[in-house]
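Here's the structure, in structure tokens; my notes come after.
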Amino acid sequence: MNVNTLQIDRKMVTGREGDAIFAVAWEHGIHIPRLCHIGGLSDVGACRLCMVEIEGQKRLQASCLTPIQEGMVVRTDTPRLRQHRKLIVELLLAERNHICSVCVADGACELQSLAAALGIDHVRFRYRFPTLPVDTSHERFGLDHNRCILCTRCVRVCDEIEGAHTWDVCGRGANSLIISDLGEPWGESESCTSCGKCVQVCPTGALFDKGKTIAEMRRDRGFLKYIVTARKEKQWIG
Amino acid sequence: MAERIQIHPVTRVEGHAKISIYVDDAGEVTSAQFHVTEFRGFEKLCEGRPFHEMPGLMSRICGICPISHILASSKAGDMLLGVEIPRAAAKQRRLVNHAQILQSHALSFFHLSAPDLFLGMDAPPSKRNIFGMLEGDADFVRRGIRLRQFGQRIIELVGGKKIHPAWGAPGGVLQAIGAAERDEIRSSIPEAIESLHEALGRLKRVLDSFAVEIEHLGNFPTLFLGTVSPEGELEYYDGLIRIGDAEGNIVADGLDPLRYASYLGEASEEWSFMKLPHYKPLGYPGGLYRVGPLARLNIAKSAGTPLANREMTEFKQRGKGAVCQSFHYHLARLIEMLHAVESIEQLADDPDLMREHVRAQAGQNRHHGVGSCEAPRGTLFHDYEVDDHGLIRRANLLIATSQNNLAMNQTVEQAARYFVSSRAIQEGMLNRVEAGIRCFDPCLSCSTHAFGQASFIIEIRNAAGDLLQQITR
Ligand code: SF4
Ligand code: SF4
């Protein structure tokens, strides 16, 4: 295994050849913001929040998909990056109906805490206020499209870990929606095994345990590491 | 020339309002109306949302009495689940409801009405407010502020937040109470009782000087509606509806709050965004009734706690039959605060309060749920219809302040006729008209479920509707 040495935020770090900048940075305590990445699932570079500056390159790069290179000089937190991240989060907030004070995920939402961390106290864009449904046809879970940011964590966990591939994305651009099977109500899905993994990985209040009230939704993601290491390394660690 | 006097915005009430006073050619008042100029559509915006969200969503209607909305909404949710909630949850809900009555009444009495009561209706407006009170008697005002804080602190200790706690939910409440919280609540009780005795003493001493206002600010016969316990005592969380008349007779008793729509009608008029509820068997507007502190004290036979009981017996002697003078809402409010503090003490000593099991788990078992409770300003109903998947199809809220709407209109007209003449308008006259409204402590944000800061306008118009004078505050 080859090891590369590089600089991230003026810190000398090392990582295995082929590892993404994002992963190496986190291993060294440098927490690059993200919403679509979650450890244990493949990366898709959908949210663009983990963009970094690489010396010698004009374009920003998504750190979750960019492998490290020997001698690379990376910056993860510059005024330019902060501006971009703010913009992205504001656009996400304006795109659907995010009203944190009456959301099941209030207080435990990755979008909300990222907005707070970026100092977003208002949104510069006009809200779209789309009319979107809530699907509570499943016996145990609900999907509120109003809170979905299309990160596709649910799609990937269902496909890669559970193997059911219930979820997918339909439509284009801002009109995209997460669908179960071919667009049936979730409760009628034949592929869903009701395992609840999607609910646990959702970063926002979009997927929730039915019966949860405002600010009551909390998630447990320990299962991801457990299953992934069990599969890859045949080790069953808690 | 006939004219119309408008009071707009109405001050020291919670929300936006306007009063129109119509005068004839001789400058005498012919009629008056109390308009609520806010509009908000909470019923509409909860359509399509899961009913489990309703307590938190509905609590956003109001920053003064969010707890009442949480309770009525949670109770409607309990009914949709078809469960009986754990004892600890019911006791917590009662405790927090009393705390809410205490803090809301303290705001109404000490912050909004005390300036009229203790500085006088004709004191200059710049002084006639809580700051003017502070100059005169800082200790008394501080007691009032501390009473309000006590109520808010209980809400914070139990719910985790002062104003919009994430606490109540269908099936119970979210967390159990610890011993430290309970002990802190207990420790504040003696001071609260002492403050209320002082406030009661003071109010009773000045009442004689308000003989004219007592007589002419909303003094008329109506029905009174509220919740009572099975024993006919004061009840704020869970009981049956009783309706009494001005003579003190019981007109209807043991009415199921779930069936409110069968005996309460809601009319609407173009001059106000507020609905006009009335007792159906007597029609509109004949079925005029009042709710809130005065109504509750009129219909209950006793308070159920010793100190409040004593005050209530004395209170009842102020009327022949029922106490019909709206001015006595103030006194009724203080007695209710005393009852609230005594009830808080009893609940703090109740071992059930501390039990760990606070939430009943169940799926949806019904399509229609109604929850009611006594809010500070009167009886509150939340009524939800949900689809097979628990999404709200239709919601209807019957709010305390809107149930007093007809009575407030009548109060404004009575006060205007007696105190106002367009020939020589004095500020004190208009303040009396406003004070008539303040007796009811209306919360206009709640009753229209509307946004807004407090503002109050009085308009004077002639018979043709031309504006002759407008006073804005
Ligand atoms: S999903 Fe997150 S950001 Fe959106 S409303 Fe809920 S708490 Fe707020
Ligand atoms: S439902 Fe949740 S996990 Fe799935 S795409 Fe939307 S936000 Fe991401």
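The values are calculated or read from the model by the stated rules, or taken from the named source; none is laboratory data. Everything numeric in this text was worked out from a predicted model, so none of it was measured. Every residue, glycine as well, gets a Cβ built from its backbone with ideal geometry; the counts of neighbours run over all protein chains shown. Keep in mind that these areas ignore ligands, DNA and RNA; they rest on the heavy atoms of the full protein, side chains included. Shrake-Rupley method; radii C 1.70, N 1.55, O 1.52, S 1.80 Å.
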* To do: For segment A:132-141, name all the residues that are more than 13 Å from ligand 1 (Cβ to nearest atom), touching a strand residue (DSSP E or B) at 6+ places or on another chain (Cβ under 9 Å) and not aromatic (Phe, Trp, Tyr).
  => A:PRO133, A:ASP135, A:THR136, A:SER137, A:HIS138, A:ARG140
* Can you find even one residue in segment A:101-108 that is out of contact with any helix residue (DSSP H, G or I) (no Cβ under 6 Å at 6 or more places or on another chain) and away from chain B (no Cβ under 14 Å)? -> no
* Can you tell which of B:LEU217, B:LEU225 is aliphatic (A, V, I, L, M), more than 30 Å from B:ALA89 (Cα to Cα) and crowded, with 20+ Cβ neighbours inside 10 Å? -> B:LEU217
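Can you tell me how many residues in segment B:51-65 are within 11 Å of chain A (Cβ to nearest Cβ) and farther than 15 Å from B:LYS75 by Cα? Break it down stepwise before answering.
Step one: filter segment B:51-65 for residues within 11 Å of chain A (Cβ to nearest Cβ), giving B:51-60.
Then keep just the ones that are farther than 15 Å from B:LYS75 by Cα; that gives B:60.
The qualifying residues number 1.
Kindly indicate which of A:VAL13, A:VAL73, A:VAL52 is open to solvent by 10 Å² or more (accessible area, probe 1.4 Å), of a type in the set (A, V, I, L, M), away from ligand 2 (no atom under 16 Å from the Cβ) and farther than 21 Å from A:LYS225 by Cα.
A:VAL73
Of all residues in segment A:120-160, count the ones that are of a type in the set (Lys, Arg) and free of Cβ contacts under 8 Å to residues at least 40 places away in the same chain.
2
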* **Breaking point among (1) under 24 Å from B:LEU45 (Cβ atoms); (2) within 14 Å of another protein chain (Cβ to nearest Cβ); (3) in contact with a strand residue (DSSP E or B) (Cβ under 9 Å, 6 or more places away or on another chain), for A:PHE129** => (3)
* Could you please find all residues in segment B:149-181 being of a type outside the set (A, V, I, L, M, F, W, C) and either open to solvent by less than 50 Å² (accessible area, probe 1.4 Å) or in contact with a Gly (Cβ under 8 Å, 6 or more places away or on another chain) (or both)? => B:GLY151, B:GLN152, B:GLY159, B:HIS164, B:PRO165, B:GLY168, B:PRO170, B:GLY171, B:GLY172, B:GLN175, B:GLY178
* Asked: Restricting attention to segment B:195-210, which residues are under 24 Å from the mean Cα position of the chain (by Cα) and open to solvent by 40 Å² or more (accessible area, probe 1.4 Å)?
  -> B:HIS197, B:GLU198, B:ARG202, B:LYS204
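From the list A:CYS198, A:CYS202, A:CYS192, A:CYS158, exactly one residue is within 12 Å of ligand 1 (Cβ to nearest atom) and either of a type in the set (Ser, Thr, Tyr) or within 23 Å of A:LEU224 (Cα to Cα) (or both). Which is it?
Working: A:CYS198 fails: within 12 Å of ligand 1 (Cβ to nearest atom); A:CYS192 fails: within 12 Å of ligand 1 (Cβ to nearest atom); A:CYS158 fails: within 12 Å of ligand 1 (Cβ to nearest atom).
None of the others qualify; the one that does is A:CYS202.
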* Could you tell me which numbered condition A:GLY187 fails, if it satisfies all but one of (1) within 16 Å of ligand 1 (Cβ to nearest atom); (2) within 14 Å of chain B (Cβ to nearest Cβ)? => (1)
* Asked: Can you spot a residue in segment A:85-102 that is within 16 Å of ligand 2 (Cβ to nearest atom), open to solvent by less than 20 Å² (accessible area, probe 1.4 Å) and under 15 Å from the mean Cα position of the chain (by Cα)?
  -> yes
* Yes/no for A:CYS148 being away from chain B (no Cβ under 14 Å) and within 16 Å of ligand 1 (Cβ to nearest atom) -> yes
* Where in segment B:65-165 are the helices (runs of 4 or more DSSP H), entirely inside, with at least 2 residues that are on the phi > 0 side of the Ramachandran plot? -> none
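So which residues in segment B:421-459 are among the hydrophobic types (A, V, I, L, M, F, W, C) and modelled with pLDDT of 80 or more? Quick ask: steps written out before the conclusion?
We begin by selecting, within segment B:421-459, every residue among the hydrophobic types (A, V, I, L, M, F, W, C); these are B:424-425, B:429-430, B:433, B:435, B:437, B:439-440, B:443-444, B:446, B:450-451, B:454, B:456-458.
Selection gives B:VAL433, B:ALA435, B:ILE437, B:CYS439, B:PHE440.
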* Would segment A:190-210 turn up any residue that is more than 14 Å from chain B (Cβ to nearest Cβ), hydrophobic (A, V, I, L, M, F, W, C), open to solvent by 20 Å² or more (accessible area, probe 1.4 Å) and out of contact with any Asp or Glu (no Cβ under 6 Å at 6 or more places or on another chain)? -> yes
* Here are some conditions: (1) more than 8 Å from ligand 1 (Cβ to nearest atom); (2) in contact (Cβ under 8 Å) with a residue 12 or more places away in the chain; (3) not assigned by TED's automatic domain parsing to the domain that holds A:LYS197. A:ALA117 meets all but one. Which one does it not meet? -> (3)
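Being buried (at least 22 other Cβ atoms within 10 Å of the Cβ) and under 29 Å from B:GLY82 (Cα atoms) narrows it down to one of B:TYR329, B:TYR236, B:TYR289, B:TYR260, so name that one.
Details: B:TYR329 fails: under 29 Å from B:GLY82 (Cα atoms); B:TYR289 fails: under 29 Å from B:GLY82 (Cα atoms); B:TYR260 fails: buried (at least 22 other Cβ atoms within 10 Å of the Cβ).
Selected residue: B:TYR236, the only one of B:TYR329, B:TYR236, B:TYR289, B:TYR260 that is buried (at least 22 other Cβ atoms within 10 Å of the Cβ) and under 29 Å from B:GLY82 (Cα atoms).
For the structure I just gave you, tell me whether A:ALA115 is more than 14 Å from every other protein chain (Cβ to nearest Cβ), closer than 28 Å to B:PRO66 by Cβ and either open to solvent by less than 50 Å² (accessible area, probe 1.4 Å) or among the hydrophobic types (A, V, I, L, M, F, W, C) (or both). Before you say what the answer is, go through the steps one by one.
Values: more than 14 Å from every other protein chain (Cβ to nearest Cβ): yes; closer than 28 Å to B:PRO66 by Cβ: yes; either open to solvent by less than 50 Å² (accessible area, probe 1.4 Å) or among the hydrophobic types (A, V, I, L, M, F, W, C) (or both): yes.
Yes, satisfied.
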* Of the residues B:LEU80, B:LEU102, which is among the aliphatic types (A, V, I, L, M) and within 17 Å of B:PRO376 (Cβ to Cβ)? -> B:LEU102
